[in-house]
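Let me begin by presenting the structure, written as structure tokens, before commenting on it.
The values are calculated or read from the model by the stated rules, or taken from the named source; none is laboratory data. Small disclaimer: the values here were computed from a predicted structure and weren't measured. As a convention, Cβ positions derive from the backbone with ideal geometry for all residues, glycine included, and neighbour counts pool all protein chains shown.
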Amino acid sequence: MMEFEEGAENKPKMLRNQSNKTDKQKFELCQYARDNKAALEAYVNWIKVKWNVTVHKSTVSRILKDSHKRLNEDIANPDSKRHKSVKFPELERALMEFILTYQHRTILSDAIIIAKAKLFAERLQIPESKLQFSSGWLQKFKERNGIQLRKLHGEASSSDQNAIIENLPSLREKLSRFPLDRIYNMDETGLFYRLEPDRSLATTRLSGRKKNKERLSIALCANADGSHKLNPLVIGKYAKPRCFKNVNFNSLRVTYRNNNSAWMLTTLFQEWLSNFDIEISKLHGGQPVLLILDNCPSHVAEGVSLSNVEIHFLPPNTTAKIQPMDAGIIMSFKKHYRRYHIQWMLEQIESGEDAKNLKMSTLLAIQYIIQAWDDVTSDVISNCWKATKILPDNVSCGDEAQALDNELLTELSESIVRLSFPEAMTTNEYLSFPQEDIVFELSESDDIISLFSGEHDDETDDDSNEIPIVSANEALKNLENIKTFLIQQEGTSSYLKAANNLEKFIREKRVNLMKQSSITQFLVNN
């Protein structure tokens, strides 16, 4: 495989050890990719021009996969193969969030940024001797985070009740330039993932610090014909809850991030937006895509270099009516999630647990989030887009999707009755919990520091449990019970086939683990 290293300007070098690439080169490539969104082939050509070296696209892809981490690390020696991490990442993230949040409200000079950095450092209890807030430090901070401060623009005029009528024609005209599969909408929702359908329990659940601990924010995104649903972005409070131990997150179709309030912060949004640009570029072959967003304060796109995405922000006070995610897609997702949650509660109660003491883990909630998003069909998504009347060729919602929705509501209602809570909520109350609409809330600049300070130490508050490691033999034994159940039922041939494929996978895994164990034992003994 062709690799590259600094000093290769004169002629290409064949480097077989990937560690020969210097951190400076990786850093420069990540910087270039961040500021110039393009296909992998374009980055290969850029490397060829810059260092006169030919590299494979897989090499570039591997480096860019860790782009966010690389751009948040200091390079101690540009030509070295080792680097040092930023000393105080909480300070870095807090200062970045402050800049992204306030650069559109006031002019942020270098003096203001340094003064704010000193204040944040003091609140984070960072000793003065550990950091010198010089102009050189600030320049490095800006380079790591790609900050280019811009002049303050005039504040957008407020919208009135006629905004929808006034904006629909131009919005439809814009959407008519794109095929349905290249029109996307993303929106966030809060989710109190342990919320029981009981008014008294809900009051306790949402009191004090418990409120943030049992809350997740979720970003969902899909295109207008429902043919492409992106993996959910889930934002929690803890970086590594105990229940995440022994879990391979690469197997879960979800992105997980955290901060102390589980909000969608500007830094998280911009990371999501950059990844969205890369994903849809691959899917649509570099063709332009339209992304519709609401005016949530964290939705700051300025400063993010996009190669394939055009963003259209909906006017304020219109999103409840003309944003597809708000027109039923998020609600459909929540119906499915609440169904899984209630089924779990019923199983726990039937096994002898007290409903007041149930504590579902974040990991299980994430698994249900993935399943619930899978259950939102392309028909439901397409019908919700059409219901907003923003598409050029509007068609009313189909009866089939509505019928399935009614069945789900009936099932939820019956399950709530089965729980026998003394102050049971109605189905609508349970699905439309007002506090879940809040996904971003920041009143003062100093509040930013609380989002990042002590985010590791505070995990002592985590009440989840580490999941045990399941051996291949245990998995096979449990699978045998499942197969026995399936052969006793009607119409299960496809499920049996899937179970047989799963059995094959587990047996192959067991063989590989045994081989690895033998090699390890050999090395220990010799």
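Details
- For the range 423-444, the candidate set comprises residues that are surrounded by fewer than 15 Cβ atoms within 10 Å (Cβ to Cβ) and assigned to a loop (DSSP other than H, G, I, E, B); within that set, the residue that is modelled with the lowest pLDDT is Ser443.
- Looking only at the range 464-475, and only at residues there that are exposed (fewer than 15 other Cβ atoms within 10 Å of the Cβ) and farther than 18 Å from Gln367 by Cβ, the one that is farthest from the chain's Cα centre (by Cα): Asn473
- Out of Pro232, Pro241, sole residue that is modelled with pLDDT of 95 or more and either basic (Lys, Arg) or surrounded by 17 or more Cβ atoms within 10 Å (Cβ to Cβ) (or both): Pro232
- Where a residue in the range 313-332 is farther than 17 Å from Leu291 by Cα and among the polar types (S, T, N, Q) and its partner, wherever it lies, is modelled with pLDDT of 90 or more and outside any helix (DSSP H, G or I), with Cβ under 9 Å and at least six apart: Ser332/Val376; Ser332/Thr377
- Residue, modelled with the lowest pLDDT, within the range 144-180, restricted to residues that are touching a helix residue (DSSP H, G or I) at 6+ places or on another chain (Cβ under 9 Å) and exposed (fewer than 13 other Cβ atoms within 10 Å of the Cβ): Asp160
- Members of the range 343-380 found to be β-branched (Val, Ile, Thr) and in contact with a Phe, Trp or Tyr (Cβ under 9 Å, 6 or more places away or on another chain), listed by number: Thr362, Ile366, Ile369, Val376
- Only listed residue being touching a Cys at 6+ places or on another chain (Cβ under 7 Å) and within 30 Å of Ser361 (Cα to Cα), chosen from Leu273, Leu230, Leu220: Leu230
Residue-wise test of (1) in a helix (DSSP H, G or I); (2) at pLDDT 60 or above.
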position	(1), (2)
Asn394	no, no
Ala401	yes, no
Leu409	yes, yes
Ile416	yes, yes
Phe421	no, yes
Asp446	yes, no
Glu455	no, no
Glu459	yes, no
Pro468	no, yes
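- The single condition among (1) touching a helix residue (DSSP H, G or I) at 6+ places or on another chain (Cβ under 9 Å); (2) at pLDDT 90 or above; (3) within 15 Å of Leu220 (Cα to Cα) that Ser274 does not meet is (3).
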